[in-house]
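Notes follow once the structure below has been shown.
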Amino acid sequence: MWSLWLSSILLVGLYLFKRLSSPLAKVPGPWYTNLTSFCLKYHEFTATRRLFVHRLHKKYGPVVRLAPNEVSFASLDAIREIYASGGSGYDKTEYYDLFRQYGIKTMFSTLEKQEISAYITIEAIATNDVQHSHRKRELADRYAMSNIVRDKHVSAIKERAQAFVSRCAAIEGSVNVYSLLHCYALDGVTNFMFSPGGLKSLDNTKDYEMMEELTYHQSLQKNLLYYYLPRLAPYFPSCLHPRPAPRANAYVLQMAGQQHPEAHSLVARLTRKGSPLSHMQVAAECKDHMAAGIDTTGDALCFLMWELSQPQNLQFQDRLHKELLSTSDDTPLDKMSYLDAVIKEALRCAPPIPMSIPRYVPSGGRTIDGYFIPENTIVSCQPYTVHRFNEEVFPEPDRFNPERWLEEKGFNDRNRLFFAFGTGGRGCTGKNLAMVEMKILLRELYSRFRSSVAPDMTASMDLDDQIISARPKDQICKLNFAVRGDDVDTA
Ligand code: HEM
């Protein structure tokens, strides 16, 4: 009995010694985060991790220990070091295994920059230049702005935007834009990937059901269980399995085998002659981009329209309307500064991926923001905090104010800290597509309509954490639309 007590005390003593002598003991943070990750996990499972991390930053500053092996940062230097040093920054953590599609690794879920990729070309094997960056380069021309703004893509997006506006105009009373915006994003990304195929979920019931399958699910806790208890996962009862998406899976498998895709579509690039990818690998990559392009763009637009519809923000809506009226249909989208400011401000206040974007510190450890962080520590910055922490750059950080983006003073600092699309070699591939989709929809809508919060809107629009993304809590956003008369163009 005594020996049991003695060995327990010895073990606890050893653990405490290890923790207290670790370089992470010097990192600011609550004492318990040096001993256990329990508190962080509790917040993950209760969907409050983002706010927990944010509170700690407010209390302890730009560097905060979250758990014995995890540190969060909120400065520009840290962002550059973690996500952009050496081009691609540090490697992703196993957390990204949750984003495999059909069990296959995709560009998004590749962990290491040096990881042998399914996209290896013969030349790449010969030069041993086989990395995530190689995958990214393979797809770069599809997501380049010059490809996105091709007539074919733009007219398809515009046609979908007009379908969205017609749906809003046709509904009497309040419109739940949350579901329609998800349809718009789904239609946009599938038309881009599979052109001339692509969904029409704004008009077609069967396609609408696919949007529902992909959008309405409660899978945060189930995914976390898979991540933390992978060995037990095969024995989980079916109610603990993450959401299945049979319709979407079947659809993407079918479209990935399309015989004559349009030359500038994503699927044409992936299945080009000599492509080393199997049919399943093409499907996995497409499914990944589809998933990456729905909730992000849909939620961003939803938060944006919600903000613009608030009584105190109608002045911003009117100014946007004025800019849209002063430009023609041919005006390049990047020449509309107010439209740009409105989108940036929505992405700043409610970034669709607002949570920690985790990476491993490389071998040998690194000094970040003045603290030595040992190798294999999980480090991250979270867009939600980065966009609020430095109040000199973002005064009144919780207030929606698009006009901050138009001020000359602080222009560079604001843009450097804009982290909604991530940065570096693992930053968002679909940024250009998302921006064009959002701009076209807003132009179609706000040049003719005024939106306001519907009287029967009682749902919560608070951000609700998912794995790394967040969505409106109740997944409902009811707005009213009115055709604008000349009388309101006086703002
Ligand atoms: C407003 C819309 C969007 C936002 C805010 C957004 C944000 C982000 C962020 C923050 C990342 C980095 C995540 C990480 O490192 O964990 C990312 C990566 C990525 N995004 Fe987006 N995204 C948006 C739309 C899209 C769209 C429309 C697509 C494709 C159709 C897309 C495809 C991707 C892909 C493939 C990656 C992985 C890149 C890599 O690992 O190299 N995203 N996105």
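The values are calculated or read from the model by the stated rules, or taken from the named source; none is laboratory data. What you see is a predicted model; the values in this text were computed from it and never measured. We place every Cβ from the backbone using ideal geometry, glycine too, and count neighbours over all the protein chains shown.
Limited to the range 179-196, what total is found for residues that are more than 15 Å from the ligand (Cβ to nearest atom) and closer than 26 Å to P455 by Cβ? Lay out the reasoning, then the answer.
Restricting attention to the range 179-196, the residues satisfying the condition of being more than 15 Å from the ligand (Cβ to nearest atom) are 179-180, 196.
Imposing the further condition that a residue be closer than 26 Å to P455 by Cβ reduces the set to 179-180.
Of the residues in that region, 2 qualify.
Considering only the range 307-324, I want to know if a residue exists there that is modelled with pLDDT of 95 or more, outside any loop (DSSP other than H, G, I, E, B), under 20 Å from the mean Cα position of the chain (by Cα) and surrounded by 23 or more Cβ atoms within 10 Å (Cβ to Cβ).
Among the residues of the range 307-324, not one is modelled with pLDDT of 95 or more, outside any loop (DSSP other than H, G, I, E, B), under 20 Å from the mean Cα position of the chain (by Cα) and surrounded by 23 or more Cβ atoms within 10 Å (Cβ to Cβ), which makes the answer no.
Every residue, every condition in (1) in contact (Cβ under 8 Å) with a residue 60 or more places away in the chain; (2) closer than 29 Å to D464 by Cβ, yes or no:
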| site | (1), (2) |
| --- | --- |
| K222 | no, yes |
| M255 | yes, no |
| Q258 | yes, no |
| H279 | no, no |
| K287 | yes, yes |
| T296 | yes, yes |
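If you check E437, E444, which single one turns out to be within 16 Å of the ligand (Cβ to nearest atom), buried (at least 19 other Cβ atoms within 10 Å of the Cβ) and at pLDDT 95 or above?
On the way: E444 fails: within 16 Å of the ligand (Cβ to nearest atom).
Every option except E437 fails the conditions.
From S109, S117, which residue is at pLDDT below 85, under 23 Å from G422 (Cα atoms) and among the hydroxyl-bearing types (S, T, Y)?
Working: S109 fails: at pLDDT below 85.
None of the other options fit; the residue is S117.
Using beta carbons and a limit of 6 Å, which pairs, at least six apart or on different chains, have the first residue in the range 300-328 and among the aromatic types (F, W, Y) and the second one surrounded by 15 or more Cβ atoms within 10 Å (Cβ to Cβ)?
Pairs that qualify, where the first residue is among the aromatic types (F, W, Y) and the partner is surrounded by 15 or more Cβ atoms within 10 Å (Cβ to Cβ), are F303/A346; F303/A350; W306/M461; W306/C477; F316/P402.
Could you tell me whether any residue of the range 483-490 is buried (at least 18 other Cβ atoms within 10 Å of the Cβ) and either out of contact with any Gly (no Cβ under 6 Å at 6 or more places or on another chain) or free of Cβ contacts under 8 Å to residues at least 12 places away in the same chain (or both)?
no
For the range 51-92, name all the residues that are under 29 Å from Y15 (Cβ atoms) and among the aromatic types (F, W, Y).
F52, Y60, F73, Y90, listed by residue number.
L202 versus (1) of a type in the set (A, V, I, L, M); (2) more than 14 Å from the ligand (Cβ to nearest atom); (3) assigned to a helix (DSSP H, G or I): which is the lone unmet condition?
Looking at each condition in turn, L202 falls short on (3).
Filter the range 165-179 down to the residues that are surrounded by fewer than 24 Cβ atoms within 10 Å (Cβ to Cβ) and either in contact with a helix residue (DSSP H, G or I) (Cβ under 8 Å, 6 or more places away or on another chain) or part of a helix (DSSP H, G or I) (or both) and list them by number.
V165, S166, R167, C168, A169, A170, V175, S179
Condition (residue is closer than 26 Å to D97 by Cα, within 16 Å of the ligand (Cβ to nearest atom) and part of a strand (DSSP E or B)) applied to the range 386-406: is it met by at least one residue? Walk me through it before giving the result.
Within the range 386-406, the subset closer than 26 Å to D97 by Cα is 386.
Applying the additional criterion that residues be within 16 Å of the ligand (Cβ to nearest atom) yields 386.
From what's left, part of a strand (DSSP E or B): none.
No, every residue in the range 386-406 fails to be closer than 26 Å to D97 by Cα, within 16 Å of the ligand (Cβ to nearest atom) and part of a strand (DSSP E or B).
From the residues in the range 353-377 that are of a type in the set (A, V, I, L, M, F, W, C) and more than 13 Å from the ligand (Cβ to nearest atom), which one is surrounded by the fewest Cβ atoms within 10 Å (Cβ to Cβ)?
For the range 353-377, the residue satisfying everything is F372.
For the range 152-167, indicate whether the set of residues that are away from the ligand (no atom under 15 Å from the Cβ), of a type in the set (S, T, Y) and within 30 Å of D462 (Cα to Cα) is non-empty.
yes
Could you figure out which of (1) within 12 Å of the ligand (Cβ to nearest atom); (2) within 13 Å of F400 (Cα to Cα) isn't true of Q315?
(1)
Can you tell me which residue among Y95, Y90 is in a helix (DSSP H, G or I), at pLDDT 90 or above and closer than 27 Å to L417 by Cα?
Y95
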